[in-house]
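Notes follow once the structure below has been shown.
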Amino acid sequence: MAEAHQAVAFQFTITPEGIDLRLSYQALSQIYLSGLRSWKKRISRMRNRVIKGVYPASPSSWLFVVIAILATMYMRSDPSMGLIAKIQEHLPVSLSLSVQGQTMLSVLVFSTLLWLSLILTLRFCLKLLLSYHRWMFEQHGHISTTTKVWVTLVRLLSGRKPLLYSYQTSLPCLPVPPIKDTLERYLESVRPLLSGPGFQRMTVLAAQFENSLGNRLQRYLKLKALWATNYVSDWWEEYIYLRGRGPIMVNSNYYGMDFLYVTPTPIQAARAGNTITALLLYRRKVNSEHRVPGTVIPLCAAQCERMFNTTRTPGEETDVLQHWQDSEFVAVYHRGRYFRLWVYKAGRLLSPREIEYQIQRILDDPSPPGPGEDRLGALTAGDRVPWCAVRKQHFSSGVNKRSLDCIERAAFFVTLDDEEQGMMGEDPVGNLDRYAKSLLHGKCYDRWFDKSFSVVVYKNGKNGLNAEHSWADAPTVAHLWEFTLATDAFQLGYTEDGHCKGEVERSLPPPQRLTWDIPVEQVSISLSVAQALADDVDCHVFPFRDFGKGRIKKLKISPDAFIQLALQLAYYRDRKTFCLTYEASMTRLFREGRTETVRSCSNEGCAFVKARKNNYSKRLFRLAAEKHQNLYRLAMTGSGIDRHLFCLYVVSKYLGVESPFLTEVLSEPWRLSTSQTPVQQLELFDMKNHPDFISLGGGFGPVADDGYGVSYIIVGEDMINYHVSCKHSFSETDSHRFGAQISRALLDLLSVLTPAKSENSQAQDKKQQ
């Protein structure tokens with residue numbers, strides 16, 4: 001009850017002599033400082049709204065326009081061509097102002113209208129400029145005059161330093177591709193996967209769809225594109241993510257890892273202190289909108305809005321994303337107990353050392369978990385409908401609601417894991433695999449999978465995160481995690497004995513233990529579902545060190561195209577066939593853009609892979625790589641295939657009509673699902689002086705029960721880290737076997753483009769024979 005007494009600002013007692021009022025000046029001071037922080041944030045938001053509202057102009061430009069108009073009026077010239085006089089005639093206050101006052105007010109009104117018109121004109125021009133995407137299709141090193149002029153104009157219009165959301169209203173809307181073009185690209189993408197009769201049947205279905213139902217659905221979609229900011233994103237979020245009724249653990253959530261070779265400190269509480277501080281510093285940047293939204297090309301930053309203070313709540317038919325404006329605490333899980341940890345005191349962010357001190361209090365707390373408390377998190381790992389029913393029945397009031405609110409309203413979730421993870425010991429390969437599985441699903445009850453992201457800090461100081469997918473895509477979370485790792489290691493740092501830096505205020509109230517009344521039976525049902533899913537996942541993580549993007553770029557090949565062709569070759573060797581391949585591409589060049597699918601299994605790629613029976617052809621390889629690059633560019637610039645067909649399918653469902661073509665297209669399984677984790681902030685990592693601080697990237701579970709999930713990150717010039725996943729229940733897939741095929745394929749592709757074949761590849765070929 002100590003913290004409850006400290007929270008009381010005043011007490012009073014009614015006596016015969018009157019009212020005895022006793023004030024707690026310390027508590028009042030805390031209230032004042034907290035309120036001051038809140039008002040500072042409100043003022044900052046209002047200021048940013050004004051700056052964003054007038055972008056690409058500036059608020060000070062209004063004064064420049066007013067002064068310019070007044071100067072011309074002083075010189076007996078009327079730049080308004082009579083409009084100022086017209087405004088003066090219609091002023092409702094003309095009787096109460098002098099002639100000079102009426103003229104001044106008319107000039108101010110005209111100047112403001114002119115200024116607003118200039119803002120709209122500049123914004124329209126910037127929007128037209130940002131709609132230009134031809135630069136992406138130009139050969140590397142060969143920039144056209146048009147693109148050079150375009151770059152100059154974009155820099156002129158966005159000259160001053162933009163805020164995080166400054167470009168939002170200037171970004172173009174995602175265009176709806178012509179239905180004929182989408183169908184042609186779709187048929188081209190499935191040609192290598194279908195037999196002759198099968199492809200002919202699909203061609204007939206596509207023609208029938210285009211000539212009948214397709215154009216009707218397209219008209220509705222164009223109408224939505226005129227009305228909505230983005231014709232894809234809201235439906236994609238709802239129908240692909242929020243309406244899924246199965247577990248989001250493994251099936252939707254993904255993970256990010258710590259440094260591969262380095263652990264900045266072996267002290268769990270200290271690592272947690274710096275990690276939490278770094279995340280909150282990033283939140284401060286997002287809230288103040290000081291992070292520049294892009295490098296050279298502006299990107300949509302809408303996904304940053306729900307990064308913190310966000311949770312996914314279950315529903316019967318669809319889940320809902322709930323976001324709160326601010327939160328001054330984080331939720332912490334340790335050995336079956338839940339805590340609320342305040343990270344602000346009197347409006348001041350606690351120092352890393354103070355957060356370490358509070359975390360150590362949790363680690364030292366000997367209290368046991370309540371009945372069923374230790375496995376409560378399994379509700380977020382199981383099916384969504386049972387979780388919704390349990391939430392309504394047991395968590396809508398009383399102590400359970402109060403404690404659940406603490407978790408859901410927290411800035412983010414933190415798990416203090418009692419295991420040790422990382423590439424260590426006598427079995428570094430196996431330990432990396434276990435590290436991946438731990439981050440992907442843990443024990444199925446020691447993560448809160450509904451939070452926007454959950455940070456995991458292990459006993460030996462390793463860390464990682466698990467992210468919910470509906471609110472944002474991997475590049476947004478990767479940007480956050482890069483900043484966190486770099487700030488932790490290079491800016492905040494540690495003392496010589498491994499503790500966080502800073503001083504500790506010993507009067508800090510201890511973390512608040514949350515209490516529950518748990519429905520144990522329902523928790524056990526969700527846990528059994530989650531454990532069956534987790535046990536079925538087979539993960540393999542491995543760093544490929546033979547070469548990296550430096551060697552590939554010297555051969556004038558796109559590293560991503562090289563890796564994707566290696567995956568096609570590896571899959572063909574593993575399964576003796578080709579499959580529908582998914583590669584995620586971002587569409588954040590457009591407002592509220594998310595992702596598009598690159599269908600990486602192309603006719604050119606398959607022709608190259610099949611040619612191995614005789615001899616690899618350098619010409620076929622380059623044709624396949626160029627084709628992949630073109631497919632990626634089309635996807636990024638709004639000319640993809642799958643999001644368009646998906647939205648046409650949604651419209652057909654709203655209209656209550658069936659399309660055999662769309663039904664078949666959307667039921668095709670992605671047996672090879674791939675994604676590249678981009679490195680976006682190279683300036684934060686000094687790879688020359690600190691080469692061991694290499695990120696492992698992150699991964700995800702398999703999309704199809706009989707397929708593979710492959711994530712990769714290109715680190716520096718000489719390394720590519722891979723994350724491979726599949727399911728044990730399908731006997732024909734094996735993550736370790738496929739990982740070996742990927743390594744072999746990479747070496748073989750390099751041998752195609754270089755005169756001499758590598759010794760490693762020759763040895764593996766002999767072994768295979």
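At pLDDT 80 or above and surrounded by fewer than 13 Cβ atoms within 10 Å (Cβ to Cβ), is that true of residue 90?
Details: at pLDDT 80 or above: no; surrounded by fewer than 13 Cβ atoms within 10 Å (Cβ to Cβ): yes.
Spelling it out, it is not the case that residue 90 is at pLDDT 80 or above and surrounded by fewer than 13 Cβ atoms within 10 Å (Cβ to Cβ).
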Inset, instruction - Would you check if residue 163 is within 19 Å of residue 588 (Cβ to Cβ), open to solvent by less than 40 Å² (accessible area, probe 1.4 Å), touching a Pro at 6+ places or on another chain (Cβ under 6 Å) and among the aliphatic types (A, V, I, L, M)? - result: no
Legend entry - Residues of the range 11-57 classified as surrounded by 15 or more Cβ atoms within 10 Å (Cβ to Cβ), at pLDDT 75 or above and either of a type in the set (Gly, Ala, Ser) or not in a helix (DSSP H, G or I) (or both), total: 3
Inset, instruction - Kindly indicate whether residue 378 is of a type outside the set (S, T, N, Q), in a helix (DSSP H, G or I) and open to solvent by less than 10 Å² (accessible area, probe 1.4 Å). - result: yes
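Working carefully through the options 532, 478, 474, find the one that is within 30 Å of residue 237 (Cβ to Cβ), outside the structural domain of residue 623 (by the TED database) and surrounded by fewer than 18 Cβ atoms within 10 Å (Cβ to Cβ). Even if it seems obvious, please write down each step before you answer.
Details: 478 fails: surrounded by fewer than 18 Cβ atoms within 10 Å (Cβ to Cβ); 474 fails: surrounded by fewer than 18 Cβ atoms within 10 Å (Cβ to Cβ).
Among 532, 478, 474, only 532 is within 30 Å of residue 237 (Cβ to Cβ), outside the structural domain of residue 623 (by the TED database) and surrounded by fewer than 18 Cβ atoms within 10 Å (Cβ to Cβ).
Using the structure shown, decide if residue 625 is assigned by the TED database to the domain that holds residue 568 and more than 29 Å from the chain's Cα centre (by Cα).
Values: assigned by the TED database to the domain that holds residue 568: yes; more than 29 Å from the chain's Cα centre (by Cα): no.
Spelling it out, it is not the case that residue 625 is assigned by the TED database to the domain that holds residue 568 and more than 29 Å from the chain's Cα centre (by Cα).
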Legend entry - Subset tally (residues that are of a type in the set (Gly, Ala, Ser), farther than 24 Å from residue 170 by Cα and either assigned to a loop (DSSP other than H, G, I, E, B) or open to solvent by less than 60 Å² (accessible area, probe 1.4 Å) (or both)) for the range 95-143: 4
Inset, instruction - Considering only the range 144-155, state which residues are part of a helix (DSSP H, G or I) and either hydroxyl-bearing (Ser, Thr, Tyr) or open to solvent by less than 50 Å² (accessible area, probe 1.4 Å) (or both). - result: 145, 146, 147, 150, 151, 152, 154
Inset, instruction - Note down all Cβ pairs under 6 Å where the first residue falls in the range 257-278 and is assigned by the TED database to the domain that holds residue 467, the second is among the acidic types (Asp, Glu) and open to solvent by 10 Å² or more (accessible area, probe 1.4 Å), and they're at least six residues apart or on different chains. - result: 261/692; 262/692
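Just checking, does the range 222-239 include any residue being part of a loop (DSSP other than H, G, I, E, B) and open to solvent by 40 Å² or more (accessible area, probe 1.4 Å)? Reasoning before the result, please.
Within the range 222-239, the subset part of a loop (DSSP other than H, G, I, E, B) is 228-232.
Now drop any that are not open to solvent by 40 Å² or more (accessible area, probe 1.4 Å), which leaves 229.
Taking every residue of the range 222-239 in turn, at least one turns out to be part of a loop (DSSP other than H, G, I, E, B) and open to solvent by 40 Å² or more (accessible area, probe 1.4 Å).
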Inset, instruction - Have a look at 723, 736, 728 and point out the one that is more than 22 Å from the chain's Cα centre (by Cα), at pLDDT 95 or above and within 26 Å of residue 246 (Cα to Cα). - result: 728
Inset, instruction - Considering each residue of the range 677-690, count those that are open to solvent by 70 Å² or more (accessible area, probe 1.4 Å) and within 27 Å of residue 437 (Cα to Cα), and give that number. - result: 0
Legend entry - Of the criteria (1) in a helix (DSSP H, G or I); (2) out of contact with any strand residue (DSSP E or B) (no Cβ under 7 Å at 6 or more places or on another chain); (3) modelled with pLDDT of 95 or more; (4) closer than 24 Å to residue 410 by Cα, which one residue 271 fails: (2)
Inset, instruction - Could you list all residues from the range 670-710 that are hydroxyl-bearing (Ser, Thr, Tyr), outside any loop (DSSP other than H, G, I, E, B) and in contact with a helix residue (DSSP H, G or I) (Cβ under 8 Å, 6 or more places away or on another chain)? - result: 674, 675, 695, 708
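The values are calculated or read from the model by the stated rules, or taken from the named source; none is laboratory data. No experiment lies behind these values; they were computed from the predicted model shown. Heads up, the Cβs are rebuilt from the backbone with ideal geometry, glycines too, and the neighbour counts pull from every protein chain shown. Areas reflect the complete protein model, heavy atoms only, side chains present, ligands, DNA and RNA absent. Shrake-Rupley method; radii C 1.70, N 1.55, O 1.52, S 1.80 Å.
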